[in-house]
Structure formats: structure tokens, C-alpha cells
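Below is one structure, written out as C-alpha cells; comments come after it.
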Amino acid sequence: MRPLYRSASLLRALRVVMPCLALAVLLAGCGRKSTVQSIDLWIVDWNVDTRDLLNNTILPDFEKKHGVKVRVQYLDWGHLDEKLTISFAGGVQPDVFQVGAEYVGSMAYRGQAMMLDEFMKDWPQHKDFIPAAWDTVCTGGHVYGVPYLSAPRVLVYRKDLMQSAGLPVPPRTWDEWVTSGLKLRKLNARGNVVRTGINLSSGANWSTFITFLWQNGGELLTPDERRAAFNSQEGVEALTFLCDLYNKHKVCPREGIPSAAANVPLFAGGQTAQEIINQFAIKNVIKYAKEFTVDDVGVAPAPYSKRPVVTVWTDWLAISSGTKKKELAWELVKHLTRPDNLIKYNETQYFLPPLRSARNSDYVRNTPFMTEYFDLMDKYGMSLPPIPEWFEIRAGLRNAVDQAVYGAKTPKQSLDDYAKQVDELIAQRERTL
């Protein structure tokens, strides 16, 4: 079994923890056996309200129906990979666990997530999921999980500022976006940017590039997913446009601008007029904004070159390939993702329940802009490629994009150089098959 990340510190942790795991299993076997069957669940996306909902309502309902005990652990993303690696190595992995939008390729390749194809025929609900969300749990023509929450990224903009600048409608094309960004940018007396026309986070440049790539008709990989394709003409144009937003048009400083108040995001703080961001932008406006209200906000598809694209991030539930309680684990997944439970779970955290039928729920209909986010995700949504090397590719892509943005290489040189590395990375995996 390959670790999720090849790090010396993680290997050292395994050498320390593995004997402890073995001892724990031995001691557990020596104790008095419980007459109640249990099943283990790991949840990563949660807050206090989520925990209360699961502990007090959703899980007790399941326990009562099936006569079992659900042993749930609430984890954080910073420790998930290490805990998964150690638990799978020690054979003590959870029966059901939650993972993120980028995991299906590695989970399937390493045999950690169970293939769920056999359950689909008798579970018509799978046809109700929004396509971009469902794509997140599939690879190689097989199903490895069930979507649990979604966060699509669309253009959020200040309607009031656009109207004041003589812009009656949100930008639809890249050229219109540049024009609006320049008009909405605000400088102080020293010429420093105090309000960006467009907010572009330097830490998320790789995801911004992917969105631009798709908008321009390009793809990350070839159709057989065996070679890089992001260095195509479409890719070079996309990265050039991203670099120009920073360096030529200067709609946003490359290093960004500091928040005016602690923990207040730039859009809610009035320091940017436009941003490609998920639904939390609306939540933050309601919570933090002082100079404007949610009525001054609009959402739209992100401006594009050739096709509109909404990048969708969907976290999902997997069943461990090593579980000895396959049928019970599947019943738990079905229970957690039952429409009413799925909607309640998402509502506690302001996420979008990725079921088409959820559009008519009170939560979606009564939450500002949730319906608009929902419709844009359903119409234009795309998800990340389900390949085993995705985490390594993502890290390298961040560096390649930054090299172009900061002028160390041209966009073409940066993408061509990194494409060779990606080709070799994929070839290494194929040589081991």
C-alpha cells in the first residue's frame, strides 16, 4: 500500500504507531465482547451545529433502526491524510469516512475506497445527483463514493459599484472582465490599491488557471489521461491571461492586499469588487459587511473566453475496502445521504446539497443566492480530474503558474517544462502496473 504522501516524518510516525496499533487490537480482543455491533465513521467537514445534528438526530435514528452503535470521530483536514495512511497500514481503518474533492483517483488506485457499482442498480437516488458532483466520486467507469456536500465557484460582484461605474450587467467575457476590473479598481493618494477590481488570490493561482484553461476550451490531460494537455495553445493563452491580469492590467496586486479587519474576507470588507468564489462569500457579507448589504451583491458565471465553467468542489463519503461490514456500511452511507439528512447536514455549514431535488428545499430557496449557485453548478459545473497523481500534479502546477506570474519563465516555457514532469510522473505509475 502506497502512503498518500511520501514523507520521512510520516514513515517515522508509522514505525512508532504500528506497534501501538497492534497492542491496542490485541488488548481489545482480550476484553469483554459487546453484544451491540458497532460501525466506525470519520467526518471531516463539520462544526458544532453539524456535530449536534449527527450526534442527536441523524446517527441515533440509524442506530435505532439497525440496532448498532455508530462510533464517530470528528477530524480536521490537517490530520486526515496522516490518520488515513496510518489506519490503512495498520488494518484499523474506519468503515465509512469522508474525503475531499481531489481524492477519488488516489483512493481507487490504492484500493482504499470500495467500488460501489453493485449498489447502484437498487439505489435510484444516484441519478438525482448533480453531474459535476457525481463525477467527483467516479473514475475508470466505476463508482467509489457518494457526494456529501458541494461548493461551486462563481463570479460574485458588487452590483452597486458596477452601476456607479456605468456597468449595467456583469462581465461575460475576458475582455469585459478586464474593462470592469480597471473601472472598479480604487487607488489611494499614494497610488496604492485599496480596492481591487478583481480579487485573485496568489495561493489559489493553480485553481484559477484550471478554470481559465477550461473556459478557453483546454483540458488538463489527454482523453486517455496518460499525458499532460495543459500546455496546449489554449493553456498558454489561459496562463497568459492570468499573468496579464496581474502584470499588464494590474487589476489586483500579485501579493494581494491586506484585510482591513482581522478575519474579514476582502469581498465582505469592501476591498474587492469581484471575485470567483464559493457561496461562503454571501455568508461572509451577511456576517461582516458594514458598507453594503447582500442586496448590493450579484452572482453570475465567471467571465470566459469560449465556454462558461463553474469549478465544483465536492466532498464525499467512501466505504473502506477493508471493512467487514460492507452491507451495514452501505446502509449508513444511504442514511447519511438521504435527501432530508443531506440537506440538514449541508445547512449546518452553508454548503450546497448536491441533489437536484434539493433545489426545492426550504434551505436552498430561502438562503440568499443559494438557488443561483445551485443552478450555475448544475448548468456549467466541472470537477477535477480523478487521477492517482493529482496531489503531486497540483503542487507542481502551483509552482509552474507562479513562475509565469512572477516572470521567471514565459507562460509557454513554464507549462511545457512542467508538462514533461507530469508525463514522467504518470509513466512511472504505468511502469509499475
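Please treat every number below as a calculation from the coordinates, not as lab data. Source: prediction; values computed, not measured. Note that we place each Cβ from the backbone using ideal geometry, even for glycine, and neighbour counts take in every protein chain shown.
Brief remarks on what is shown
- Debye log10 I(q)/I(0) for region 191-245, one point scatterer per Cα, at q = 0.17, 0.20, 0.24, 0.30 Å⁻¹: -0.57, -0.72, -0.92, -1.18
- Looking at region 290-433, the pairs of alpha carbons with a distance over 19 Å make up 71% of the total.
- Candidate aspartates and glutamates for bridging to Lys69, where Cα separation is under 20 Å - those fewer than 8 sequence places away on the same chain excluded: Asp40, Asp52, Asp61, Asp95, Glu327, Glu331
- Point-to-point label distance, Tyr74-Arg359, nm (Cα→Cβ direction, 7 Å offset): 3.3
- Kirkwood estimate for region 281-329, i.e. one over the average of 1/r between Cα atoms, Å: 15.6
- Label-to-label distance for Glu291 and Ala262 is 2.2 nm, based on points extended 7 Å past Cα in the beta-carbon direction.
- At q = 0.18 Å⁻¹, base-10 log of I(q)/I(0) for region 73-136 (Debye sum, equal scatterers on each alpha carbon): -0.82
- Estimated [θ] at 222 nm from DSSP helical runs (n ≥ 4, -39500 (n - 2.57)) normalised by residues in the chain, nearest 500: -13500 deg cm²/dmol
- Overall dimensions of region 81-214 by Cα: Rg and Dmax, Å: 21.9, 66
- Longest to shortest principal axis, alpha-carbon extents of region 142-208, angstrom: 56, 28, 20
- 20 Å binning of all Cα-Cα separations within the chain, expressed as whole percents from 0 upward: 23, 54, 21, 1
- Förster radius 56 Å - calculated FRET efficiency between His126 and Lys183, Cβ distance, rounded to 0.05: 0.75
- Equivalent ellipsoid semi-axes, region 140-180, via Cα gyration tensor eigenvalues times 5, rooted, Å: 37, 13, 6
- Ellipsoid semi-axes for region 215-319, based on the Cα gyration tensor and the rule √(5λ), read 31, 20, 13 Å when sorted largest first.
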